[in-house]
Amino acid sequence: MVVSVAVTATDTHRAIDAVWRIESARLTAGLARMVRDIGLAEDLAQDALVAALEQWPQSGVPNNPGAWLMAVAKRRAIDAMRRQATLERKQVEVGRDLEARLGTDEQDLDAAIDDDIGDDLLRLIFTACHPVLSVEARVALTLRMLGGLTTDEIARAFLVPEPTVAQRIVRAKRSLADKKVPFEVPSGADRGDRLASVLEVVYLVFNEGYSATAGDDWVRPSLCEEALRLGRILAGLAPAEPEVHGLVSLMEIQASRLRARIGPSGEPVLLLDQDRTRWDRLLIRRGLAALERAEQLGGALGRYALQAAIAACHARALTPQETDWARIAALYAALGQLSPSPIVELNRAVAVSMAFGPAAGLELVDTLVAEPALKGYHLLPSVRGDLLAKLGRFDEARADFERAASLTRNNRERVLLAERAAACTRGHAP
């Protein structure tokens, strides 16, 4: 079971960190199905992580680290239930079931992680999106449990203070346990009621992978892949829901650009500078087909289908000059009517600037400067700096780029913004 390799403790801890990023969501989801308690499942998963940190530096990383973590977590679950003699009958039965599932054969340990992972993750996301929780709590909890995002990353996605997100997560887990919410995929009308918040969660997980809020990486493809996988599962689960296909379309088209979004050294490459021959044409075709399905189902396009239509405008343009910016601006206007947001307005301003000139775009951006929700949003001064530079107002542009660099938590993006500020110092557009 153990690979005997001479490695340092630091190497092992790096390996453990990598394993945890890959396995934590699956581990928590599998445990939640067994113990029927998301909070307890996360605690058990964390206990297994602690055991790995204690044992793997001496014994080595197992061949199947996910199975090892699952086996340890199951044993902890059994021990906890044995100690709790006053637990309800149902909990005792779950403990016995876990013991029966664990077995003693070594092959059982290798198979422990090989349950139906897709179903488990789907159960986890629907449970975390249960109506007993507020919408904000549903999204925050699922991002934490499914995507493995930190409270800081979630807070930045929501433009709210980090302690607020931390409180939401703690209260959400407590509420699910107190209400004895079943760990299941809902059916019928209940599924429809919870689908909107599930879609929101999936898209936020995708966005964190597409443009990481913090750290040294500009993109985190594994999160995009996870969100895409879940989106495709949802499309199969709710084939008559146009917004599900709209979301899948949006993610497929956006994911098609991942390889082109980073340069040889991992540096960000902005949309208009990307080598479009590196865009994944298969993903684009899949995205356009999903958009067509959403449109064929009838009715007005929803927020995800509208965003997919915007992404499709970019995908169909073989060069930046062929982009239909006027249509993109109109689609953003429709999106703003359907789902008002200062971020939507900021994106509309960019499209307007490309279609009708930087002065027109700057006029819209300046109406957003005092918007409280955008106070710490780095893309506001970044966009404003770009428009000012195009208008030759380099001193003002430099100040905005410097402010944007101070606000971003992504190291790659900070370097890019600093370079754009330096270009303005030299008196030319970045």
> Could you say whether any residue in the stretch 407-414 is within 23 Å of Gly427 (Cα to Cα) and either out of contact with any Lys or Arg (no Cβ under 7 Å at 6 or more places or on another chain) or not assigned by TED's automatic domain parsing to the domain that holds His245 (or both)?
Replying inline: yes
>> For the stretch 275-305, give me the residue count where each residue is hydrophobic (A, V, I, L, M, F, W, C) and buried (at least 23 other Cβ atoms within 10 Å of the Cβ).
In response: 4
> In the stretch 380-402, which residues are surrounded by fewer than 18 Cβ atoms within 10 Å (Cβ to Cβ) and out of contact with any Leu (no Cβ under 6 Å at 6 or more places or on another chain)?
Replying inline: Lys390, Leu391, Gly392, Arg393, Asp395, Ala399
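Conditions tested, residue by residue: (1) of a type in the set (Ser, Thr, Tyr); (2) free of Cβ contacts under 8 Å to residues at least 60 places away in the same chain; (3) in a loop (DSSP other than H, G, I, E, B).
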site: Leu121; (1), (2), (3): no, no, no
site: Ile125; (1), (2), (3): no, no, no
site: His130; (1), (2), (3): no, no, yes
site: Glu136; (1), (2), (3): no, yes, no
site: Val139; (1), (2), (3): no, no, no
site: Met145; (1), (2), (3): no, no, no
> Taking into account only those residues within the stretch 121-151 that are hydroxyl-bearing (Ser, Thr, Tyr) and more than 15 Å from the chain's Cα centre (by Cα), which is farthest from Ile22 (Cα to Cα)?
Replying inline: Ser134
> When only residues in the stretch 229-253 that are crowded, with 21+ Cβ neighbours inside 10 Å and among the small types (Gly, Ala, Ser) count, which is nearest to Val185 (Cα to Cα)?
Replying inline: Gly231
>> For Pro161, only one of the following conditions fails: (1) surrounded by fewer than 22 Cβ atoms within 10 Å (Cβ to Cβ); (2) within 22 Å of Met70 (Cβ to Cβ); (3) not charged (D, E, K, R). What is its number?
In response: (2)
>> Restricting to the stretch 55-77, count the residues that are more than 30 Å from the chain's Cα centre (by Cα), more than 23 Å from Gly39 (Cβ to Cβ) and of a type outside the set (S, T, N, Q).
In response: 2
> Looking only at the stretch 212-233, which residues are touching an Asp or Glu at 6+ places or on another chain (Cβ under 8 Å) and outside any loop (DSSP other than H, G, I, E, B)?
Replying inline: Ala214, Leu223, Leu228
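Here is a yes/no grid of residues against (1) assigned to a helix (DSSP H, G or I); (2) hydrophobic (A, V, I, L, M, F, W, C); (3) touching a residue at least 24 places away in the same chain (Cβ under 8 Å); (4) over 22 Å from His314 (Cβ atoms):
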position	(1), (2), (3), (4)
Ala349	yes, yes, yes, no
Met354	yes, yes, yes, no
Glu363	yes, no, no, yes
Ser382	yes, no, yes, no
Ala399	yes, yes, no, yes
Glu402	yes, no, no, yes
Gly427	no, no, yes, yes
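The values are calculated or read from the model by the stated rules, or taken from the named source; none is laboratory data. All figures in this text were calculated on a predicted structure; none of them were measured in a lab. Note that each Cβ is placed from the backbone with ideal geometry, even for glycine, and that neighbours are counted across all protein chains shown.
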